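Engineer: Take a look at the following structure, please.
The values are calculated or read from the model by the stated rules, or taken from the named source; none is laboratory data. Model, not experiment: these values are computed from the prediction. In this analysis, Cβ positions are derived from the backbone assuming ideal geometry, glycine residues included, and neighbour counts consider all displayed protein chains. In case anyone asks, the SASA skips ligands and DNA or RNA and just uses the protein heavy atoms, side chains included. Shrake-Rupley method; radii C 1.70, N 1.55, O 1.52, S 1.80 Å.
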Amino acid sequence: MKDKDLRKRVPYHIQRDVLDEQLSCSSLCFIIFSFSLFIRCTGPRFKSCFLSFVPLLAWLPRYPFRENAIGDLISGISVGIMHLPQGMAYALLAAVPPVFGLYSSFYPILIYFIFGTSKHISVGTYAVMSVMIGSVTERLAPDSDFVIPGNDTNSTTLDVFSRDAERVKIAATVTFLSGIFQVLLLGLVRFGFVVTYLSEPLVRAYTTAAAIHVIVSQLKYSFGINPQRYSGPLSLIYTVIEVCALLGQTNIGTLVVSIVTIIGLVAAKELSALAARKIPIPIPVELITIIIATVVSWQMDLKTEYGVEVVGEIPSGLQAPVAPAVSLLGSMVGDAFALAVVGYGIAISLGRIFALKYAYKVDSNQELIALGLSNSIGGLFNCFAISCSMSRTMVQVSTGGKSQVAGAISAVVILVILLKIGELFEELPKAVLAAIIYVNLQGMMKQFGDICSLWRTNKVDMVVWVMTLILTVLFNPDLGLAASIAFSILTVVFRTQLNNPQMHIKLWHMHHFSIEIPGIMIFRSSATLYFANAEMYIDALYEKTGVDVAKLLSHKKKLEAKRLRKEKKAAKKAKKEAKKRAKEAVKSAVSAFNQGEEPQFSDTDESGEEAEANGDVHKLSVKEPKDVAAVEAGPDPDTDTPLPRAIILDLSPVNFLDTVGVKTLRNIYKDYGEAGVQVYLCGCQRGVVESMEKGDFFNEKVTKSILFSSVHDAVLYCQQGNSKEVQYILMSYTHTRISEVS
């Protein structure tokens, strides 16, 4: 059929009045009225604000003990066991004694348990945060400041006790200040949007570069050498050169311990991964490693016989709170702000991933307050800055953790270790802790594969990734973060200014007096869609459509679980009744035989007797029970807003898409699709469609048939029943090639 004939079959005519913008007194009164409602303080509103500030009081009274208690208990114990080796190892990165890593795995977790909103992330020590703390402590308290002249003319000794005490004070102070930044500047003032400038390529490249800093900082423990401490730009390069120059002084015993530990950890983790299918609880490989290493070090006296450096004294018990060193605050403002931004960015990114997966919502500003209070209060107890760990979070989820209770239980495990068990690990070699760090950084080092994938999908994001890596490696984590953000914003400016202009004729314009179409919602943002506003785009879409996707998916999962329970109960009841009928049939047959009568079997009884004789109860013919009702998925009873049939996204203002923008559109289509709402895109420029193609947005299920040249075409398609003929006609007007029509 020719296109000309097809176009004639769907003529339409539009007649409307000319619309203009008017600022009337009514709109001004509406603005004043809305502002008065915003500042009004009522009893219910105060209660709501208080519960949002302390989420524990909202969810703990409704805690489903029967469903979640066992999973949270097992998960909390498993994660608490992981905290022991990781806390001690990451304390070395922060250049403080290992026991303070255990403190950092206790106090902040309890604070987050009270104020946090994510149910699945495991907060505590984190390699990136620890190495940033270490750069501050070693810069402000270098070894050279604690050298004491010896008795001989040319001999000197290092006052380790005074050095460690000063570094602990510096780490606690910068942690306290970063917490204050998170609570006051970023949380209460709602300045959390600054983290939106941490795009996914930037964060992944930054953590990879930080992993390189971590590896270089631990080389001295693996080789048993004492390189000079460098600070400022290019310090990593100078440290590597210094380490290479000191390789001739390597302690053979320390090197052997490092190599054996690394090989053993890698092999044990591979075996643990293979056994994970059969064993529901992960094997605590790191805990077993430090126990074996401690016993071997104690039995062979590695410290005295081979000069292997060990952890040393681990005091038992808890410490009293100490006020931060106010005199040091001025010299660490930039470091504290970088810690606040990076720690929050990593935690909220991971928290949103699991919130989306398990259909609940994470309050971004409340997360800032929770992390800020964890750091500021933890700083008073000599803790260093914390964030979220991917490895511990995955263990917490895989072992059945379903709420923040798992984190509280892991803190109890650390408390027991601090009070009773900690002193048993005083003979643990530091080379073993360094090896644990190396093995845990495998995931970060695998992120180098992002370069190939970004080269294929979005070359600008690939340039951001490479430049972030280079800047962070050369300028250290604090200055590297600022330079990386500046470069990332610069790429947005260039993409906006140098984008190829295209002529577009607007066929439809949103207006205050537009008529709403039942069942169809049209959403249009006046800005382009990229990493800095992707989160705000989704929030605005949820708000304007009035559809809480997380709530809908959660309700859908509950209905599905209820349906499965009903089916299981019905099958169990039917099986029980079938056995009962089979026994009655056999009993009646025996009774008839004893009375000399020929037993009479119905079809059902014959099949039942045969199945009973064969021992197969599943073959019994069972009638459907009358009291079993089907569970149908319906709308959420708590939702007053009717579910739309379709949502049309007007992307005409979008002149480019990065990888985060493509992922945002993919998530919108997937989430609304699971909720039963079809999503259509219209007004896409050629470059936008190409970015979606390179980003693997389209596949066998998501075809280009969801693209339309204008909002009007998409509305017509939705109104006329999504017929293939109408779709083909509408697609003939678009400037974008459509290779497949459903």
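Engineer: Pick out the one residue from Asn499, Asn476 that is outside any helix (DSSP H, G or I), at pLDDT below 90 and of a type outside the set (D, E, K, R).
Structural biologist: Exactly one of Asn499, Asn476 is outside any helix (DSSP H, G or I), at pLDDT below 90 and of a type outside the set (D, E, K, R), namely Asn499.
Engineer: Of the conditions (1) in contact with a helix residue (DSSP H, G or I) (Cβ under 6 Å, 6 or more places away or on another chain); (2) of a type outside the set (S, T, N, Q); (3) open to solvent by 20 Å² or more (accessible area, probe 1.4 Å), Cys244 clears all except one; give me its number.
Structural biologist: (1)
Engineer: Could you check, for segment 404-413, whether at least one of its residues is surrounded by fewer than 17 Cβ atoms within 10 Å (Cβ to Cβ) and free of Cβ contacts under 8 Å to residues at least 60 places away in the same chain?
Structural biologist: no
Engineer: Could you list, in sequence order, the residues of segment 112-152 that are of a type in the set (S, T, N, Q) and open to solvent by 10 Å² or more (accessible area, probe 1.4 Å)?
Structural biologist: Of everything in segment 112-152, those that are of a type in the set (S, T, N, Q) and open to solvent by 10 Å² or more (accessible area, probe 1.4 Å) turn out to be Thr117, Ser135, Ser144, Asn151.
Engineer: Could I ask something else about it? Taking the criterion of being assigned to a loop (DSSP other than H, G, I, E, B) and in the same structural domain as Ile369 (by the TED database), would at least one residue in segment 72-95 satisfy it?
Structural biologist: yes
Engineer: Against the conditions (1) open to solvent by 40 Å² or more (accessible area, probe 1.4 Å); (2) on the phi < 0 side of the Ramachandran plot; (3) not in a helix (DSSP H, G or I), where does Gly307 fall short? Just the number, please.
Structural biologist: It is condition (2) that Gly307 fails.
Engineer: Tyr107 - would you say it is closer than 29 Å to Val54 by Cβ, out of contact with any Phe, Trp or Tyr (no Cβ under 6 Å at 6 or more places or on another chain), among the hydroxyl-bearing types (Ser, Thr, Tyr) and in contact (Cβ under 8 Å) with a residue 12 or more places away in the chain?
Structural biologist: no
Engineer: Looking only at segment 650-673, which residues are touching a Leu at 6+ places or on another chain (Cβ under 6 Å) and in a helix (DSSP H, G or I)?
Structural biologist: Across segment 650-673, the qualifying residue is only Gly661.
Engineer: Let me ask another. Identify the single condition in (1) part of a loop (DSSP other than H, G, I, E, B); (2) modelled with pLDDT under 85; (3) at negative phi that Ala323 does not satisfy, given that it satisfies every other one.
Structural biologist: (2)
Engineer: Residues being surrounded by fewer than 18 Cβ atoms within 10 Å (Cβ to Cβ), touching a residue at least 60 places away in the same chain (Cβ under 8 Å) and of a type in the set (A, V, I, L, M, F, W, C): count how many of those fall in segment 277-300.
Structural biologist: Going through segment 277-300 one residue at a time, the tally reaches 3.
Engineer: To continue, here is another question. Counting only residues that are open to solvent by 10 Å² or more (accessible area, probe 1.4 Å) and among the aromatic types (Phe, Trp, Tyr), which one in segment 86-111 is farthest from Gly224 (Cα to Cα)?
Structural biologist: In this case the residue turns out to be Tyr107.
Engineer: Would you check if Ile377 is in contact (Cβ under 8 Å) with a residue 24 or more places away in the chain, under 28 Å from Leu418 (Cβ atoms), among the aliphatic types (A, V, I, L, M) and open to solvent by less than 10 Å² (accessible area, probe 1.4 Å)?
Structural biologist: Here the answer is no, as Ile377 does not meet what is asked.
Engineer: May I ask you to list the residues in segment 249-294 that are farther than 26 Å from Glu427 by Cα, part of a helix (DSSP H, G or I) and not acidic (Asp, Glu)?
Structural biologist: Leu271, Ser272, Ala273, Leu274, Ala275 - these are the residues of segment 249-294 that are farther than 26 Å from Glu427 by Cα, part of a helix (DSSP H, G or I) and not acidic (Asp, Glu).
Engineer: Here's another thing I want to ask about it. Which one is nearest to Gly307 (Cα to Cα) among residues in segment 227-248 that are out of contact with any His (no Cβ under 8 Å at 6 or more places or on another chain) and in contact (Cβ under 8 Å) with a residue 40 or more places away in the chain?
Structural biologist: Result: Arg229.
Engineer: Which of the following residues is modelled with pLDDT of 85 or more, open to solvent by 60 Å² or more (accessible area, probe 1.4 Å) and not charged (D, E, K, R): Ile180, Ile237, Ile212?
Structural biologist: Ile237
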